[in-house]
Amino acid sequence: MPERAELLAAIQELERRWTEYFYVHEKDGPDILYHYTSAKGFEGIVSTRTLWASSAGFMTDTSEIKYGLQLVAKTLADQQDRIPIYKAFTRGELPGFGESFNIFITCFCQEANVPSQWDDYASKGTGLSIGIRRHEMMALAGEPQSYVLFPVIYDVARQHEIVMTIIAEAFEKIRELSLKEREWSYWWQEVGIQLLTFILRFKDPMFHNEREWRTLKLQSPSDKDALPVRYRQGIRGIIPYIELPLTANAVAEVIEGPKSSIGQKAIKIVLDKYGLNGAEVKRSNHTRGDL
């Protein structure tokens, strides 16, 4: 019977293979990614030189995580009797999420001026869009932060393929390790955690015009590289988040929202104050009527 450490090592091996197989082209992408935020969020980001990655369980749009959970349930419906975590996904939950482990994400867009992003994430267009150099974020994604940066997948066929591949390889590993039924609970709990990190890369194809990217960090309180969890007020109450560091060169430009009254001069003063004077400041080319 495999030891718990051996089971965990097997999960980590699968995780590495899944990540390499599915996201080998992540190195290819736009030079700049845009993070839409409020004026208060902008000041917090530039003053601390960090991005705030929020707990996935407290996403502003809860339909996003529900979409992935429902896709898993639909994809695996004909195998539900032999997959212990199936019912958890159909209920939209996974034991331990938010307690024994958490997943923190930050969202970006490939475009600097998207009306829906201004409306939903930048205080109805009164906020700002921060252009972050993607290669700077990729350079910071290793230890000790240990997060990944990836494009969201909108292709439904690809989403189904990923889920089916994960489950097929999980069963193959069960046979390879000769796991007994009493060991399945732990095994499928760990597979479920990894599956959850992958479905957070999925989004309904109706939103494909957003061309979204995300950072994702999976961590447990006991992890040696766990970043401190902080809390902030959000639309849905108190939101747990972690801070991902930015370099002084990370901010390429700042776009002032179409309904903003901040002024480009004031934005430049704030950037200069915190040593980010290399960033270009522009005004959104959308009109107020676009939102």
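The set of residues in segment 136-155 that are surrounded by 14 or more Cβ atoms within 10 Å (Cβ to Cβ), assigned to a helix (DSSP H, G or I) and either out of contact with any Ser or Thr (no Cβ under 7 Å at 6 or more places or on another chain) or aliphatic (A, V, I, L, M) (or both) comprises 137, 138, 140.
When you check residue 114 against the structure, is it under 21 Å from residue 56 (Cα atoms) and surrounded by 14 or more Cβ atoms within 10 Å (Cβ to Cβ), yes or no?
Details: under 21 Å from residue 56 (Cα atoms): no; surrounded by 14 or more Cβ atoms within 10 Å (Cβ to Cβ): yes.
For residue 114, the condition - under 21 Å from residue 56 (Cα atoms) and surrounded by 14 or more Cβ atoms within 10 Å (Cβ to Cβ) - is not met.
For segment 213-235, the criterion of being in contact with a Cys (Cβ under 6 Å, 6 or more places away or on another chain) and within 29 Å of residue 135 (Cβ to Cβ) is satisfied by at least one residue.
Run down 262, 242, 267 and say which single residue is under 17 Å from the mean Cα position of the chain (by Cα), among the aliphatic types (A, V, I, L, M) and at pLDDT 90 or above.
242
Across segment 209-230, the number of residues qualifying as surrounded by fewer than 11 Cβ atoms within 10 Å (Cβ to Cβ) and assigned to a strand (DSSP E or B) comes to 0. Being in contact (Cβ under 8 Å) with a residue 12 or more places away in the chain and over 19 Å from residue 39 (Cβ atoms) is a property that holds for residue 244. Kindly evaluate residue 196 against the criterion of being buried (at least 18 other Cβ atoms within 10 Å of the Cβ) and in a loop (DSSP other than H, G, I, E, B). Taking the combined requirement at face value, the residue does not satisfy it. When the test is whether a residue is touching a residue at least 12 places away in the same chain (Cβ under 8 Å) and not in a helix (DSSP H, G or I), residue 129 passes it. Every condition in (1) in a helix (DSSP H, G or I); (2) over 18 Å from residue 106 (Cα atoms) is met by residue 179 except one, and the failing one is (1).
Restricting to segment 106-162, name every residue that is among the charged types (D, E, K, R) and under 19 Å from residue 211 (Cα atoms).
Hits for segment 106-162 are 111, 119, 120, 133, 134, 155, 158.
The residue that is surrounded by the most Cβ atoms within 10 Å (Cβ to Cβ), among those in segment 161-193 that are under 16 Å from residue 80 (Cβ atoms) and not aliphatic (A, V, I, L, M), is 192.
The rows are residues; the columns are (1) closer than 17 Å to residue 72 by Cβ; (2) in contact (Cβ under 8 Å) with a residue 60 or more places away in the chain.
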| residue | (1), (2) |
| --- | --- |
| 158 | yes, no |
| 169 | yes, yes |
| 173 | no, yes |
| 179 | no, yes |
| 185 | no, yes |
| 191 | yes, yes |
| 194 | yes, yes |
| 204 | yes, yes |
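The values are calculated or read from the model by the stated rules, or taken from the named source; none is laboratory data. In this text the structure is predicted, and so the values were computed from the model without any measurement. Cβ atoms come from the backbone with ideal geometry, glycine included; neighbour counts cover every protein chain shown.
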